[in-house]
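Asks: Provided herewith is a single structure, encoded as structure tokens, for subsequent inquiry.
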Amino acid sequence: MTFRNGLASLLRPEDSVLVMIDHQPYQLANLNSHDPHMVVNNSAALAKAAKVFDVPTILTSVVADRGGRIFPQITDVFPGQEIIDRTFINTWEDPKVVDIVKATGRKQLIMAGLWTEICVAMPAIQAAGEGWDVTVITDASGAVSAEAHDVAIHRMIAAGVNMMTWMALAAEWQRDWARSKTAMPLNDVMLQHAAGSGIAFLWEQQLLNTPVAAQA
């Protein structure tokens, strides 16, 4: 196995491309590895973070006429963007998706989707074998059981795929809070989707902006 370490191994927004796979009602209905509300929240956060950093994002569904449209929490982030609807279970076997990814000229390939054990594992393993630097965002993905999710993650790691969560990815893209162009927009995403951290920040701002009562 090739170890992933060193500064160059960290993800950079200018080298990243994101593929969001099958965040659809049919898959969500039998998602049991995570709280479904959390997966929708994290997927929306991932999409918004990608937009903050101008990371090209490909949205793809499978047989949407039967499986349903991608969650609006994701598509609303990219209004008017074409969604690639496939018949291939393995996204990476669909040349339409692969051609769009290749056209970006980027090699840090990030994936998230439903279900982890099928629609994420297959393309991640194939792309890694073809020389792509593949990262899967585990908390914006989910499976039919906790076991299925965990086994898929172990299988992908064995194939050389990197694992991250959406907040870790966003922090890696940001890298330095002095990068003001993205710092405040990213902060807004965290306020909306980072739960305790976002609420704590709002509380901190409230305390900082509350005048101290004058002493009698």
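The values are calculated or read from the model by the stated rules, or taken from the named source; none is laboratory data. For clarity, every value in this text was computed on a predicted model and none was experimentally measured. Counting neighbours? That spans all protein chains shown, and the Cβs are built from the backbone with ideal geometry, glycine included. Side chains included, ligands, DNA and RNA excluded: accessible areas come from the protein's heavy atoms. Shrake-Rupley method; radii C 1.70, N 1.55, O 1.52, S 1.80 Å.
Asks: If packing is taken as the mean number of other Cβ atoms within 10 Å per residue, what is the order of 190-198, 12-20, highest first?
Replies: Taking the mean over residues of other Cβ atoms within 10 Å, the ranking is 12-20, 190-198.
Asks: Could I ask something else about it? For the residue pair residue 83 and residue 203, what label-to-label distance in nm results when each label sits 7 Å from Cα along the Cα-to-beta-carbon direction?
Replies: Result: 3.7 nm between the two label points.
Asks: Let me ask something additional. Can you give the FRET efficiency to the nearest 0.05 for residue 96 and residue 51, using r as the Cβ-Cβ distance and R₀ = 25 Å?
Replies: 0.70
Asks: Considering only protein heavy atoms and a 1.4 Å probe, what is the carbon-and-sulfur percentage of the accessible area of the range 90-216?
Replies: That fraction is 61 percent.
Asks: For Rg/Rh (Cα atoms, Kirkwood Rh), one of (i) 0.95; (ii) 1.02; (iii) 0.98 was computed from the structure I shared and the rest are decoys. Which label?
Replies: Working out Rg/Rh (Cα atoms, Kirkwood Rh) from the coordinates points to (ii).
Asks: Mind telling me which of 36, 185, 95 comes out most flexible in a GNM of the chain, alpha-carbon contacts under 10 Å?
Replies: 95
Asks: Counting only heavy atoms of the protein chains, get the accessible area per residue of the range 87-216 (1.4 Å probe) and round it to a whole Å² value.
Replies: That works out to 52 Å² per residue.
Asks: Right, another one. Using only protein heavy atoms and a 1.4 Å probe, report how much of residue 107 is accessible, in Å² to the nearest 10.
Replies: So the heavy atoms of residue 107 present about 100 Å² to solvent.
Asks: If you build a Gaussian network model of the chain, linking Cα atoms that sit under 10 Å apart, which residue out of 53, 201, 88 swings the most?
Replies: Comparing 53, 201, 88 in the GNM, the peak value goes to 201.
Asks: For the range 160-216, what log10 I(q)/I(0) values come out of the Debye formula at q = 0.14, 0.26, 0.30 1/Å, with one point per alpha carbon and no solvent?
Replies: Log-scaled intensity ratios, in q order: -0.52, -1.10, -1.20.
Asks: Across the range 70-86, in residue order, what do the Karplus-derived ³J(HN,Hα) couplings come to in whole Hz, using 6.51 cos²θ - 1.76 cosθ + 1.60 with θ = phi - 60° and x for Gly and Pro?
Replies: Values, residue by residue: 4, 3, x, 4, 8, 5, 5, 6, 10, x, x, 6, 5, 9, 7, 9, 10 Hz.
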